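Inspection log for the structure reproduced underneath, given as structure tokens.
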Amino acid sequence: MNAPVSHELLAHVSQAWDNDIVAQLTDYIAIPAKSPAFDADWAQHGHIDIVVQRAADWVLAQKVAGLSLEVIRLPGRTPVLFFEVAATRPSDAQSETVLMYGHLDKQPEFSGWRNDLGPWTPKFEDGKLYGRGGADDGYAIYASIAALQALKAQNTPHPRIVGLIETCEESGSYDLMPYVDALRTRLGNVGLVMCLDSGAGNYDQLWLTTSLRGMASGVLKVEVLSEGVHSGDASGVVPSSFRIMRQVLDRLEDSATGRLLPAQFHVEVPADRLRQAQATAALLGDELYKRFPWAHHDCGGANLVTLPMTQDPLQALLQRTWAPTLSVTGAEGLPAFKDAGNVLRPSTAFKLSLRLPPLVDAAQAVQDLKALLEDNAPYQANVTFHAQGSANGWNAPTSAPWFEQALDAASLAHFGAPCATIGQGGTIPLMNMLSQGFPKAQMMVCGVLGPKSNAHGPNEFLHVPFAKKLTAAVAQVIAAMP
């Protein structure tokens, strides 16, 4: 088997990024292709169709030898982009396929962007491409093709490769499984999955994601009145919907520590993941919590900074990867300050995002959550929880020796440091599906979301120098697949 020359791989993909891919992603960022959960009229707006078609046109324009591509649209569902590249090395009916995955849908705008930045106004500065979706995860299709082209340029034999790029990931990938079922025979015998939708602990080496948390989300609403009434007249008699909300959430979370109370939402961290977390915590140290944009304030002349929940690096890592956590991501029933009169409000509603450890069943967690929040409501108030989706987490299978060796070799060749492992606190629903469908496949889950890249939030950026090296590493691992 002809192995690729590492420095030539990096030179080829770097040229592709500099000459073309950055420009393609700049155009992509400018299109508000929000995921269906955040744009109910996505089909009418057409933004998702635009980014899919542009990506498809670009792939075809690269004229990759042996590549075929199509945009597939099942009725009533978001489209997917599917490509296939024939193997160029001796193969037989038992040969394994590489599956490359990414997505083109985006999170909504969010507030707090720098004055000179915005979600749909791309800007390239100091090696970083700012704007919504470039790093999460618009770059994946472009990096995948650049990696293939780099192998082709060196005449490096490679296995059969297929690509699946969806447009529903940020909504929980509920449209994906119908496509996987429709394409199952065309996917083939998948031996390696490359998911380019994850993160990195730093920008100094290749990072392999070994676990992902699951998620349960929904809207919790507390209703006490049919209409708002004068607070001076009613307070002291009518219970505050906000206070009842606090009481109900106290059943779920210890507000003093942030620990979730139900035992069924917790799991024991597997021994191998604990060992990996210890190594990663030693490598990253206090950067595991210092990397966040903590708020500062002046107190008697002292500049105080918000403290993390823990300053122990190992504990910080485990709490964001293997512990359940609650976030309130939206609220209704609370008027803006300028509209807030002296009125006791009739209701309060919170959108809840509950991150679950990788081994917790998300569907069962939703049922448990609903019962916990709704039963025995204080003051017999109308307390309802409407689930809006759930997804299981994922714990990576044991790595094959060839895979570990290939990851280290690729990381050393392009970064000068061995591959490191990390669990991620986010959710990629596809990974659990693929692990179940292809239990023997190796899973290269990686991505460009390193420190301060801030996916989903303000000032999201793609670290282009890191992306170049990651692209070259992807190509090298593909070539190493036995």
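Structure values in brief
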{"read-out": "Set 87, 135: member being in contact (Cβ under 8 Å) with a residue 60 or more places away in the chain, closer than 17 Å to residue 187 by Cβ, small (Gly, Ala, Ser) and surrounded by 14 or more Cβ atoms within 10 Å (Cβ to Cβ)", "value": "87"}
{"read-out": "Subset of region 66-83 [assigned to a loop (DSSP other than H, G, I, E, B) and not basic (Lys, Arg)]", "value": "66, 74, 75, 76, 78, 79"}
{"read-out": "Which numbered condition residue 414 fails, given (1) of a type outside the set (Val, Ile, Thr); (2) assigned to a loop (DSSP other than H, G, I, E, B); (3) touching a Lys or Arg at 6+ places or on another chain (Cβ under 8 Å)", "value": "(2)"}
{"read-out": "Qualifying residue in region 119-126 (condition: closer than 23 Å to residue 329 by Cβ, surrounded by fewer than 21 Cβ atoms within 10 Å (Cβ to Cβ) and not β-branched (Val, Ile, Thr))", "value": "yes"}
{"read-out": "1 or more residues modelled with pLDDT of 95 or more and within 23 Å of the chain's Cα centre (by Cα): qualifying strands (runs of 3 or more DSSP E) within region 271-340", "value": "325-332"}
{"read-out": "Qualifying residues in region 435-444 (those that are surrounded by fewer than 24 Cβ atoms within 10 Å (Cβ to Cβ) and not polar (S, T, N, Q)) - the one modelled with the highest pLDDT", "value": "443"}
{"read-out": "Test: residue in region 170-187 that is in contact with a Leu (Cβ under 6 Å, 6 or more places away or on another chain), closer than 24 Å to residue 71 by Cα and among the β-branched types (Val, Ile, Thr)", "value": "no"}
{"read-out": "Some residue of region 130-142 being touching a Ser or Thr at 6+ places or on another chain (Cβ under 9 Å), among the hydroxyl-bearing types (Ser, Thr, Tyr) and in a loop (DSSP other than H, G, I, E, B)", "value": "no"}
{"read-out": "Search result, residues across region 341-386 that are part of a helix (DSSP H, G or I) and in contact with a His (Cβ under 9 Å, 6 or more places away or on another chain)", "value": "370"}
{"read-out": "Test: residue in region 35-54 that is over 23 Å from residue 135 (Cα atoms), modelled with pLDDT under 95 and out of contact with any Leu (no Cβ under 6 Å at 6 or more places or on another chain)", "value": "no"}
{"read-out": "Number of positions in region 377-422 that are touching a Pro at 6+ places or on another chain (Cβ under 8 Å) and either of a type in the set (Lys, Arg) or crowded, with 22+ Cβ neighbours inside 10 Å (or both)", "value": "5"}
{"read-out": "Test result for residue 241, touching a Leu at 6+ places or on another chain (Cβ under 6 Å), assigned by TED's automatic domain parsing to the domain that holds residue 360 and modelled with pLDDT of 95 or more", "value": "no"}
{"read-out": "Matching entry among 362, 323, 371 (being among the hydrophobic types (A, V, I, L, M, F, W, C), surrounded by fewer than 19 Cβ atoms within 10 Å (Cβ to Cβ) and not assigned by TED's automatic domain parsing to the domain that holds residue 37)", "value": "371"}
{"read-out": "Count of residues meeting criterion [closer than 30 Å to residue 469 by Cβ and of a type in the set (Gly, Ala, Ser)] in region 18-53", "value": "4"}
{"read-out": "Residues of region 216-233 satisfying the condition of being farther than 10 Å from residue 345 by Cα and hydrophobic (A, V, I, L, M, F, W, C)", "value": "216, 219, 220, 222"}
{"read-out": "Residue pairs meeting the criteria (Cβ under 8 Å; at least 6 apart or on separate chains; first without any contact (Cβ under 8 Å) to a residue 12 or more places away in the chain, in region 103-130; second in a loop (DSSP other than H, G, I, E, B))", "value": "123/116; 123/117; 123/131"}
{"read-out": "Conditions (1) out of contact with any Leu (no Cβ under 7 Å at 6 or more places or on another chain); (2) surrounded by fewer than 19 Cβ atoms within 10 Å (Cβ to Cβ): number failed by residue 356", "value": "(2)"}
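Each row is one residue, and each column tells you yes or no for (1) without any contact (Cβ under 8 Å) to a residue 40 or more places away in the chain; (2) crowded, with 22+ Cβ neighbours inside 10 Å; (3) not in a helix (DSSP H, G or I).
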{"position": "8", "(1), (2), (3)": "no, no, no"}
{"position": "12", "(1), (2), (3)": "no, yes, no"}
{"position": "37", "(1), (2), (3)": "no, no, no"}
{"position": "43", "(1), (2), (3)": "yes, no, no"}
{"position": "48", "(1), (2), (3)": "no, yes, no"}
{"position": "58", "(1), (2), (3)": "no, no, no"}
{"position": "64", "(1), (2), (3)": "no, no, yes"}
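Yes/no matrix, rows are residues, columns are (1) more than 27 Å from residue 456 (Cα to Cα); (2) surrounded by 13 or more Cβ atoms within 10 Å (Cβ to Cβ):
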{"site": "199", "(1), (2)": "no, yes"}
{"site": "226", "(1), (2)": "yes, no"}
{"site": "230", "(1), (2)": "yes, no"}
{"site": "244", "(1), (2)": "yes, yes"}
{"site": "247", "(1), (2)": "yes, yes"}
{"site": "254", "(1), (2)": "no, no"}
{"site": "291", "(1), (2)": "no, yes"}
{"site": "296", "(1), (2)": "no, no"}
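The values are calculated or read from the model by the stated rules, or taken from the named source; none is laboratory data. From a predicted model like this one, the values you see are computed outputs, not experimental measurements. Reconstructed Cβ throughout: ideal geometry from the backbone, glycine too, with neighbour counts over all protein chains shown.
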